[in-house]
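Here the structure comes first, spelled out in structure tokens, and everything after it is commentary.
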Amino acid sequence: MSENWTEEELKASVDVYVEMHRRESSAQAFTKKSYYEMLANRFGRTPKSYEYRMQNISYVYALQGRRWISGLKPARNVGANVIRVLERLIADSEGQHIGSSAAFEASVEKLRKNPPSLPPKGNKKPPATQSSVTQFVRDPEVVAWVLATAAGNCECCGNPAPFMREDGSPFLEVHHVERLADGGEDTINNAAALCPNCHRQLHYGAQKQKLAQELRRKISRLRLTTS
Ligand SMILES: [Zn+2]
Ligand SMILES: [Zn+2]
């Protein structure tokens, strides 16, 4: 895909994506095509090229371990520079910075397909940067309740926790099925206790959408909502 999109055009595309993502999170109906037509009228490309751009934006969401809009499968052929811009525009548009680096993950993904033949030098003194990251205030009672209910077994695969913590308790991680960054609630109806393997898979696995559906089917409290 050509990279000569203006910042203004990328921003308008990201704003549309964020709005559709929000609508999907709250189960509001919307028509993707009419958004693409609106962008096409404004900037003069075909609606199809905006649909494709949306799939690039899905790729950034995927790199961040987030849910992407259904039907907009991540399209990976986008340069690191554009990924960096898209990531910044998403953070601005959502009003939250979730503190992962899609550009870094994309570079690793590319390099994994063509790994360096010699051991890389790396950095003896890696430079540091600081950035402000949006943190959601979570309720520790939700975590404690979900862990107690799981009683040491992963609620996804059913296996016992892979190891014990230093205090002797089983190690499981509490995952929000709809991520807080995606508008999910911090309640027991949106939280599951998982082993680290299942947890990573629910964020990064090829089958993550299917796995999340199965989890909802398996655990009845996840099908309830408090709102
Ligand atoms: Zn598991
Ligand atoms: Zn999680």
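Bear in mind that the values in this text are calculations on the coordinates, not laboratory data. Small disclaimer: the values here were computed from a predicted structure and weren't measured. Positions of Cβ are backbone-derived with ideal geometry, glycine not excepted, and every protein chain shown enters the neighbour counts.
The overall shape of the stretch 31-142 is oblate: from the C-alpha gyration tensor, with semi-axes ordered a ≥ b ≥ c, the ratio a/c is 1.5 or greater and a/b is no larger than b/c.
Helix 80-94 and the longest principal axis of the C-alpha atoms of the chain enclose an angle of approximately 70°.
Take the Cα radius of gyration of the chain and divide it by 2.2 N^0.38 Å, with N its residue count; two decimals is plenty.
So the chain has a normalised radius of gyration of 1.14.
One Cα centroid belongs to the stretch 88-118, the other to the stretch 50-84; the line between them spans 11 Å.
Of the peptides 137-143, 15-21, the order by per-residue mean of other Cβ atoms within 10 Å, starting with the highest, comes out as 15-21, 137-143.
Rounding to the nearest 20 debye, state how big the charge dipole of the stretch 1-113 is about its Cα centre with +1 on each Lys and Arg Cβ and -1 on each Asp and Glu Cβ.
On the way: 18 positive and 14 negative charges, 90 e Å.
It comes to approximately 440 debye.
The stretch 1-47 and the stretch 158-221 have Cα centres lying 31 Å from one another. Taking Cα atoms, how many degrees apart are the long axis of helix 140-150 and the longest axis of the chain, rounded to 10 and kept between 0 and 90? Tilt of helix 140-150: around 60 degrees.
Considering helices alone, the calculated mean residue ellipticity of the chain at 222 nm is -15000 deg cm²/dmol, with DSSP H runs of length four and up weighted by -39500 (n - 2.57) and normalised per residue.
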